[in-house]
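One structure is given here, and the rest of the page talks about it.
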Amino acid sequence: MQIDVLKNARRNISYGVVNRFIVLACPFVERIFIHNILGAEYLGLGSLFSSIITVLSLTEMGFSGAMVYNMYKPAGEGDTARMNALLNYYRRVYRLIGLIILCVGLLLIPFLPGLIEGEPPAEIGLTKLYLIYLGNTALSYFLYAYMTSVIVVHQRDDVKSRVNSAVKIALTATQIAVLLITKNYYLFSLMMPVFTLVNNLWIGWRVHRLFPQYRPEGSLSTKDRQDIRRLVTGTFIQEACTVTRNSLDSICISGFLGLTLTGIYNNYYLILNGVTMFTGLVTAAFTGGIGNHVATKTVEENYAEMKKLDFVYLWLGGWCMICLICLYQPFMRLWMGEDMLLPTSAVVLLGLYFYLLKLGDIRSMYTSAYGLWWEQRYRAIGETSMNVVLNIVLGKLFGIHGIILATMISLFLCNYLWAAAITFRHYFTLAQLRDYYAYQGKQSAITFIVAAGVCLLCAKLPIQGDIALLMARACICVTIPNLVNIAVYHRTDAFRYAKQAIFRR
């Protein structure tokens, strides 16, 4: 059974856009109230604990990806019995993961004070607040969390988007009300596990309604479990590298530069991550369909498809990079005030960091769909190790600039060059790798030239007032980069495909 990739992608993107907007907007509102009522240190405290919990959640990283990979074939063939056995195994392992996170998290309590430069807010007990964050994360692995794999395999991310949107709005409204009434950060944080429980129950109910044939029962053979463990090892190493990037940055900033700068950095990263989530709508919308195509189409057909998707995605990524660099500062002044700004040079680095993240996203979808996690293990270990070492060395030498630059260097060398070589060696061909670097290099060079011109034009605008400046820069960022791209690419096959198959729909 082949999935209608474009039809499902349109639906996923429609609901995904709404969800990403809500997930992006809600933290903005939350952080305004936290900053105004409690202060900047509380922003840094929440960012630090979130980063620690992200590192703890690596226990799960790799398992969910491996399970989804193993479900593509039985879902496509209608093998319900095997799907149910995989879900049963998934459920048992997820419960074990939740217990492991809880136990390991408790062992870290004595080390919490050493992760903060200076003193935390006097009214807060680090251990009590940390236990709330830890409990929320452990809880997320129980009940019906494993059922999200069914949604991904059948390319129905819209289900998760709708549920997450409603729960996020309710959580934010409740947290703000608690903060306004009590000014108590403990009660504010306690709302997280409550709504995590609601989210899991709701998704489980929706999946049961859509796919009543699936229920966790049956067992896998010893060979199946061995194959899954091998995949999990590879995906764990690869995903660990991905999810720890900002976590390591935040922990290093907190340890070297203090909670206040951690809060300021994470205000910027919140926007960057929100835009990353927005661009991730493309990859999320196509994930299930690409997995299906890798299983049913030839390598040559998939490479041709990847080039077309890559063209659209790099266009989107380059445009977002330009918007970030040009709009960050006036927006931040409006949102948080003059005292919560990073230097402009750090803003430029964050924009380039974002673009480096986007360079390999489409290619990595084919890497995952073909199950090349084990082959990526040394690359992921190398990137994480390089990131840690460079964070410490460059962070001490150059502060916030060094920490951002450290992540960029490890991203380009390991996540882009090394990872692409592995994918093309094992799935595509080395001849196609040269073509891949050539067309991406050409498109990126044009993007950087356009970005330099647009940023220079925005910097020279003789406009007073942050709102007027933000609006003027936004108009420039929306029109000029896209008009230049249309002028440059309108005669190419990739543009015609984008216009006919994606933009029009």
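The values are calculated or read from the model by the stated rules, or taken from the named source; none is laboratory data. On a predicted model such as this, the values are computed, not experimentally measured, just so you know. Note that we place each Cβ from the backbone using ideal geometry, even for glycine, and neighbour counts take in every protein chain shown. Each accessible area value is taken on the protein alone, full model and side chains, heavy atoms only, with ligands, DNA and RNA left out. Shrake-Rupley method; radii C 1.70, N 1.55, O 1.52, S 1.80 Å.
Which of rounded, prolate, oblate describes the range 267-347, given a ≥ b ≥ c as roots of the alpha-carbon gyration tensor eigenvalues and a/c under 1.5 marking rounded, otherwise prolate only if a/b is larger than b/c?
It is prolate, given that a/c is not under 1.5 and a/b is the larger ratio.
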Original post:
Under a 1.4 angstrom probe, counting protein chains only, how are Val18, Val150, Val93 ranked by accessible area, largest first?
Top reply: Val18, Val93, Val150
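Would you rank Asp158, Asp227 by solvent-accessible area, highest first, keeping every protein chain in place and using a 1.4 Å probe? Spell out each step's value before the answer.
Working: Asp158 0, Asp227 65 Å².
Output order, biggest surface exposure first: Asp227, Asp158.
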**OP:** Round to the nearest 10 and report in Å² the accessible area of Leu143, as given by a 1.4 Å probe over the protein chains' heavy atoms.
**Re:** 70 Å²
**OP:** Just grab the label-to-label distance for Trp335 and Ile480, each label 7 Å out from Cα along the Cβ direction, in nm (one decimal).
**Re:** 2.3 nm
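In what order, largest first, do Lys297, Lys358 sit by accessible area if the probe radius is 1.4 Å? Provide the component values of the computation, followed by the final result.
Values: Lys297 75, Lys358 5 Å².
Of Lys297, Lys358, the descending order of accessible area is Lys297, Lys358.
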Subject >> Probe 1.4 Å - accessible area at His154, Å² to nearest ten >> reply: 30 Å²
Original post:
Leaving out ligands, DNA and RNA but keeping every protein chain, what accessible area does Trp202 have, in Å² rounded to the nearest 10, with a 1.4 Å probe?
Top reply: 100 Å²
